[in-house]
Amino acid sequence: MRKDGKRLKNAEPMYTVAAHIMSKRTDSMNMITIDVPLEPIQKYINEKRKQGIYISHMAVILSAFMQTVAEYPQLNRFVVNSNIYARNELAVGMVVLKSGETSDGTMSKMYFRPDNTVFEVNDIINKYVEENRNAPENNGTEKAIKVLLGIPGLLRIGVKICKFLDNHNLLPSAIVNLSPFHNTLVISNLASIRTNHIYHHIYDFGTTSIMITMGNSREVAKRKGGEIVFEKCMPLGIVMDERICSGSYFAIAFRKMKQFLTNPEMLETKPKEVKVDDGI
């Protein structure tokens, strides 16, 4: 029994087999770019700003993901030691640049619920960024890393022990809580440092099944009324572990997420239902 998830009893046989054939996440990474129209998001953010409510692009993206998970819970699965689990929490890892620096950052994780509204998501992000930017030394992850680096040879031995314990569901809850590698999702806003989106690898250690990077906006050609027009979009580079659900499930789920992003007002209300993973 794992602290962060429950092993699936009714997983599709094909994916149970696939988890053994592709024993590492680096074997099972699928990648896609989703171009999200910027105008609806920017218009929404500007309207809220006039009301004295400051919402970030990151909050809109993460809120759309949370409410998508509410409807498509298989996105919150993970694979460890060729076994498929339904995660019992919604954790998101994100790097925060330290105050006054441009190249050094710290990473921990935030906890959400699939029924969080965009306002709740925004508050969680703001608190997380403030705590990690202004006082990164209080970050439990940073403290653990300093301990591992403080004694010669401890890092190599410690990481090997943690990997062994994790594969056998013996990793202590305290370490899982500190680990930035045990997440539903890792997200990075590369547009904030004027960088294009990338396809970031998902780590073999830990439980991260999805990685999203937000990149520089770009003009995307689309056909409208028999003409070719260019629409300003935010590209999302998404990498996913294909063992957690089918390709069609991913496709439908990300279409739903894009629907939220083109209508951000939908994120102000809680979903009518939070579905439970049918594999449990």
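The values are calculated or read from the model by the stated rules, or taken from the named source; none is laboratory data. The structure presented is a predicted model; accordingly, all values stated were derived computationally and were not measured. A quick note on method: Cβ atoms are made from the backbone with ideal geometry, for glycine too, and the neighbour counts reach across all protein chains shown. Surface areas here come from the heavy atoms of the whole protein model, side chains and all, with no ligands, DNA or RNA. Shrake-Rupley method; radii C 1.70, N 1.55, O 1.52, S 1.80 Å.
The set of residues in the range 230-279 being among the hydrophobic types (A, V, I, L, M, F, W, C), over 20 Å from Asn183 (Cβ atoms), surrounded by 15 or more Cβ atoms within 10 Å (Cβ to Cβ) and in contact with a strand residue (DSSP E or B) (Cβ under 9 Å, 6 or more places away or on another chain) consists of Cys233, Met234, Leu261. Beta carbons closer than 9 Å, at least 6 apart along the sequence or on distinct chains, pair a first residue in the range 251-268 that is closer than 16 Å to Asn30 by Cβ with a second that is open to solvent by 40 Å² or more (accessible area, probe 1.4 Å) and in a helix (DSSP H, G or I) for Ala253/Glu71.
Residues are listed down the side, and each one gets a yes or a no for (1) free of Cβ contacts under 8 Å to residues at least 60 places away in the same chain; (2) more than 18 Å from Met214 (Cβ to Cβ):
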site	(1), (2)
Met1	no, yes
Glu12	no, yes
Tyr15	no, yes
Ala18	no, yes
Lys24	no, yes
Ile32	no, no
Val36	no, no
Gln51	yes, yes
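Condition check for Gln67 on (1) open to solvent by less than 20 Å² (accessible area, probe 1.4 Å); (2) outside any strand (DSSP E or B); (3) closer than 17 Å to Ile210 by Cα; (4) modelled with pLDDT under 95: one failure, at (4). Annotation: of all residues in the range 1-13 being at pLDDT 85 or above and within 19 Å of Met240 (Cβ to Cβ), the one that is most open to solvent (accessible area, probe 1.4 Å) is Leu8. So, in the range 196-215, of the ones that are more than 16 Å from Ser82 (Cα to Cα) and out of contact with any Gly (no Cβ under 9 Å at 6 or more places or on another chain), which residue ends up modelled with the lowest pLDDT? Looking at the filtered set, the residue picked out is His201. Tell me yes or no: at least one residue of the range 84-92 is assigned to a loop (DSSP other than H, G, I, E, B), under 20 Å from Asn30 (Cβ atoms) and either open to solvent by less than 10 Å² (accessible area, probe 1.4 Å) or not charged (D, E, K, R) (or both). No, the range 84-92 contains no residue that is assigned to a loop (DSSP other than H, G, I, E, B), under 20 Å from Asn30 (Cβ atoms) and either open to solvent by less than 10 Å² (accessible area, probe 1.4 Å) or not charged (D, E, K, R) (or both). In the range 165-174, the count of residues that are part of a helix (DSSP H, G or I) and either of a type in the set (Asp, Glu) or at pLDDT below 85 (or both) is one or more.
The strands (runs of 3 or more DSSP E) located wholly in the range 201-280 that include 3 or more residues which are closer than 30 Å to Ala11 by Cα and of a type in the set (A, V, I, L, M, F, W, C) occupy 210-214, 227-241.
Scanning the range 14-26 for residues that are within 22 Å of the chain's Cα centre (by Cα) and either closer than 14 Å to Asn169 by Cβ or open to solvent by 80 Å² or more (accessible area, probe 1.4 Å) (or both) returns a single hit, Lys24. Quick check on my filter: what residues within the range 113-128 are more than 16 Å from the chain's Cα centre (by Cα) and in a helix (DSSP H, G or I)? Residues satisfying the conditions are Phe119, Glu120, Asp123, Asn126, Lys127. Of everything in the range 32-64 that is of a type in the set (Val, Ile, Thr) and part of a strand (DSSP E or B), the residue that is farthest from His168 (Cα to Cα) is Val36.
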